[in-house]
Amino acid sequence: MMGGMASQETRTLTSTTVRTPAAPEVRTTPGTGPTRAWRTRLLVLGIVLAALNLRPAITSLGALLEEVRYGLGMSGSVAGLLTSVPPLCFAVFGVTAPRLARRFGAGAVVCAGLVAIGTGLLIRPYVGGTAAFLAATALTLMGIAVSNVLMPVIVKRWFPDRVGSMTGLYSMALALGTASAAAVTVPLTGALGGNWRSGLAVWAALAAVAVLPWLTFVRAREGEQERDTRAETPVRLRITRSRTAWALAVFFGLQATAAYITMGWMAQIFRDSGVPAGKAGLLLAVTMVMGVPLAFVIPRLATRLPHQGPIVLALGFSGLVGYAGLYLAPAEGAWAWAVLLGIANCAFPLALTMVGMRARTGAGVAQLSAFAQSTGYLISIPGPLLVGVLYQHSGGWGLPIALMAALMIPQTAVGILAGRPRTVEDEAAA
């Protein structure tokens, strides 16, 4: 009997020693231990590189639009349509991002989006006619659209306790890419022999580099980053029932309207007031560059506040003062107005931060991001066109500037509503 008990004890100890080494084996999976730390660093690099690629396709074309029109025999009306294509594509293609992420994984979709950006940038200058040029541009914008929507989702899933700092890093890189393409494209084209086709195509190289870190997240579907929304929320949110979602969508749309008006018309406002063309371009660059440091600071500050309304108010006040200056003394205080409007345009990183804060889960962030950005970009489409119409019919900038200032009031109001501490999941279920 004692021998039986001893043999039973031996078997128990043996089975225990066999099982205990099993636990450390989990550390070799993609979601834990040193491997997770390495993947996290790689993801940070991937986010920065992706953000750098989300605007050069637009701003590089704007810098060479006159050469493109001449080279392709493009009419003025088609060129005007070309400037309105980005927000339209962002709205149409962005809404498909959550569904694609559920099926293939967010990392795979972002990687495919970067491939689409690079492919479109590479073939766009060489396809020939205007229709093919527009089609290649649409391919590039499709890749930008899905990446726009899914970046807040990836930040929420991988960095739930660092939403502000990571959104700030992403927004800062996006602003840097925007300003760099606007400033560098023309001299870079000159260095490449003055060929506008080469000046546009060269940006495909940056997209190709950005694809590399994302390949890891395509192959490793079992990683934490690819655990999709099905595991978090089995039922799709009725996002349109959320007042916060609507407030955030309108806020996103109005800030995008202000940004596109600024990029499209501010330099012309300065030139018409007597500012030399070179200085007017530099003033626009100052406005855009303001987003680089502030895009990192504002999201970090926003996540530390229970209500983001004070930041919204500060940005709105900067915009109103800047527009008042453009109306009263555009040339005399040009540098001050450029800085103030650059501060006001930092509503974009604030909107992205609130997307991550107004939903509890990755599924909620995905749906909120798609809804807010798609609806917002649709709202932004008429703004730049309306400013052009008012300018043409009034013969001056008084009415257009009054419109820009007036839009800051509802933008501030809905921004305060979007900044309240609540989540779309709770509102949709109420």
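General observations
- Most mobile listed residue (GLN392, GLN367, GLN308) in the chain, GNM with C-alpha springs under 10 Å: GLN392
- Between the entries [x] 108, 49, 33; [y] 60, 42, 38; [z] 68, 62, 46, the label attached to Cα extents along the principal axes in Å calculated for this structure is [x].
- Residue-span extension gain [ALA314 to LEU301] - 0.36 nm each, minus C-alpha spacing: 3.4 nm
- Charge tally around LEU200: other residues with Cβ under 12 Å, Lys/Arg +1 each, Asp/Glu -1 each, net +1.
- Full-extension gain in nm, ARG238 to ALA336, via 0.36 nm per residue minus C-alpha separation: 30.9 nm
- Each Lys and Arg Cβ is given +1 and each Asp and Glu Cβ -1; about its Cα centre, the chain then shows a dipole of about 960 debye.
- Considering helices alone, the calculated mean residue ellipticity of the chain at 222 nm is -26000 deg cm²/dmol, with DSSP H runs of length four and up weighted by -39500 (n - 2.57) and normalised per residue.
- Taking label points 7 Å from Cα along the Cα-to-Cβ direction, ALA277 and ALA135 give a separation of 3.5 nm.
- With a Förster radius of 22 Å applied to the beta-carbon distance between ALA324 and LEU399, the computed FRET efficiency rounds to 0.90.
- Measuring nothing but protein heavy atoms, the accessible surface of the stretch 303-367 at 1.4 Å probe radius is 72 percent carbon and sulfur.
- Given R0 = 35 Å, the distance between the Cβ atoms of ASN195 and TRP38 translates into a calculated FRET efficiency of 0.25.
- Across the options ALA208, PRO330, LEU176, the greatest Cα extent toward the positive end of the charge dipole of the chain (unit charges at beta carbon of Lys, Arg, Asp, Glu) belongs to ALA208.
- Degrees separating the helix 362-380 axis from the principal Cα axis of the chain, which is the longest one: 10
- Label-point gap, in nm, between SER165 and VAL389 - each point 7 angstrom along Cα→Cβ: 4.8
- With every protein chain in place, the stretch 84-215: carbon and sulfur % of accessible area (1.4 Å): 73
- The region of the chain that goes longest without hitting one of the GluC sites (Glu not before Pro) in a DSSP loop, each with at most 13 other Cβ atoms within 10 Å, is 1-221.
- FRET efficiency, LEU212 to ARG103 (Cβ-Cβ, R0 22 Å, nearest 0.05): 0.40
- Mean separation of Cα pairs under 8 Å and 6 or more residues apart, divided by the residue count, gives the chain a relative contact order of 23 percent.
The values are calculated or read from the model by the stated rules, or taken from the named source; none is laboratory data. Computed from a predicted structure; not experimentally measured. Cβ sites come from the backbone with ideal geometry, for glycine too, and all protein chains shown count toward neighbours. What goes into the accessible areas is simple: the full protein's heavy atoms, side chains included, and nothing from ligands, DNA or RNA. Shrake-Rupley method; radii C 1.70, N 1.55, O 1.52, S 1.80 Å.
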